[in-house]
1. Does segment 270-402 come out rounded, prolate or oblate by the C-alpha gyration tensor, with a ≥ b ≥ c the root eigenvalues, rounded set by a/c under 1.5 and, if not, prolate when a/b is larger than b/c and oblate if not?
2. Between N382 and D99, 0.36 nm times their residue separation minus their Cα-Cα distance comes to what?
3. How far is the Cα center of segment 198-249 from the Cα center of segment 109-147, in Å?
4. With 10 angstrom as the radius, rank L202, L139, L65 by how many other C-beta atoms surround their C-beta, starting from the fewest.
5. Identify which of D95, D48, D244 has the largest mean-square fluctuation in a Gaussian network model of the chain, with springs joining Cα atoms closer than 10 Å.
6. Once you order the gyration tensor axes a ≥ b ≥ c over the Cα atoms, which shape class does segment 1-121 get: rounded for a/c under 1.5, otherwise prolate or oblate by comparing a/b with b/c?
7. Among S14, I86, F352, flag the residue with its Cα farthest along the positive direction of the charge dipole of the chain, charges on Cβ as +1 for Lys/Arg and -1 for Asp/Glu.
8. Kindly put L429, L262 in sequence by how many other C-beta atoms sit within 10 Å of each C-beta, fewest to most.
Amino acid sequence: MKLIKGLNLLRPCSETSFLENAFVVIDGDEFISVGTTEPEGEFEEVLDCGGKFALPGLINAHHHLYSALAVGMPPPAKTPLNFTQILEEVWWKLDLALDHDATQASFEAGLIDSLKAGTTTVIDHHCSPSFIEGSLSLLGDTGKKLGIATGLAFEVTDRNGQELFERSLQENLDAAEKHSQDQELAALLGLHASFTLSEESLKKVAEVHSKRSNWGIHTHLSEDRADEEDARNRGHVSVVERLDHFGLINQSAMLIHGVHSLESDAELIQKHKAHLVHNPTSNANNRIGMLSNQAAERMKPGLGTDGMQSNMIREAKEGMLIRSSHMSAGDAGVDYQAILFDHNPRIASAVFGRSIGRVEPGYRADLAIYDYHPRTEVHSDNVFGHVFFGLGEPCDVMSGGRMRVQNHHLQGIDEEAAKQEAAEQSRKLWQRMQ
Ligand SMILES: [Zn+2]
């Protein structure tokens, strides 16, 4: 057992949100006790943090690691005029150009960024149509190497033809079968979105989906109005109703965005206890609208970054500010602290089948530790302010009871080599895209 003491624990959404000069005891990869009166007993390892602050390891409920090498990419030759054109001109060109090496470099780059920002759980939605077989295991291996609990899913779609559709579907099934016993990995059934899947294709997806009990899909949903129009043109009331018609919505389903979903869709999502994930910076960037305050209040969504970034505190804060820019003084907002520190732990715990995202006994031992010297007093009632307006980058990050980042440096990973590889692979990737 390991004792970590001298921690100022920030626990938004836990019963006591601030524990001063606290300790945690870790057995294996879990917290077994948390408190302020130092426990007696023999410990294999004792670490005194000397008053550093700590948050639970953060969770990204929807990421696209494959886009990690898009930073600084040349703009598309033709300026996209709507959401579908953004996909066609940018993201579908990028994903098609990903080979094994570029995919590997993307996974490494995105997961390193995540870890260094204190994110210890990433639920990814992957797409590399030119490198399908084994891509999810490569992601799983990369996640394990860095100590990040990783959600795996390959986006099944019709847009690259029948053969690639079949192979992508099989990649999801293979990953689910191969990694079903692994506590660090969770394989979902990835679908790109309803509007890139025909009725015939969804029927095939449903057949594969039914092979595993309570298997969850992970799909974009009603991100743009085009998705809803497509569902209606195919004779369905909405995207949610269409997916439900094929039996794809259950308590493990990850439904991403839901910006244009109907009131009746919210009822269906709640009835099945499915998970909605909100990605505010991506929605703002794509100018597709914003999940309404009412829908956010009702469906208790989790928070993802949709590939936009790997820093969850920043995503929550930017989401809050984007929303505020549409509101007037005195309007009731959306509780982004609850979305990040309550809803995300609930979703990650359901997806991985173990307790994740809180500093409480029984939870995976994940901590983001900050060398933070607050100018103002910290107490239980102002944790929100310190988390979103005070903390900088974490200096140390622990996941599964092991230190993965110490004094801003990755442990056991050659970060410089990973950076050089990312630079080389991005050059080749951008050339292939031209
Ligand atoms: Zn996405």
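1. The shape class here is oblate.
2. My answer for the length gained is 97.2 nm.
3. With segment 198-249 and segment 109-147 each reduced to a Cα centre, they are spaced 25 Å.
4. Lowest count first: L202, L65, L139.
5. Top of the fluctuation ranking is D48.
6. Prolate, because a/c is 1.5 or more and a/b exceeds b/c.
7. I86
8. L262, L429
Every number here is computed from the coordinates shown, using simple stated rules; none is lab data. Just so you know, these numbers come straight off a predicted model, no measurement behind them. Ideal geometry is used to build each Cβ from the backbone, glycine not excepted, and the neighbour counts take in all protein chains shown.
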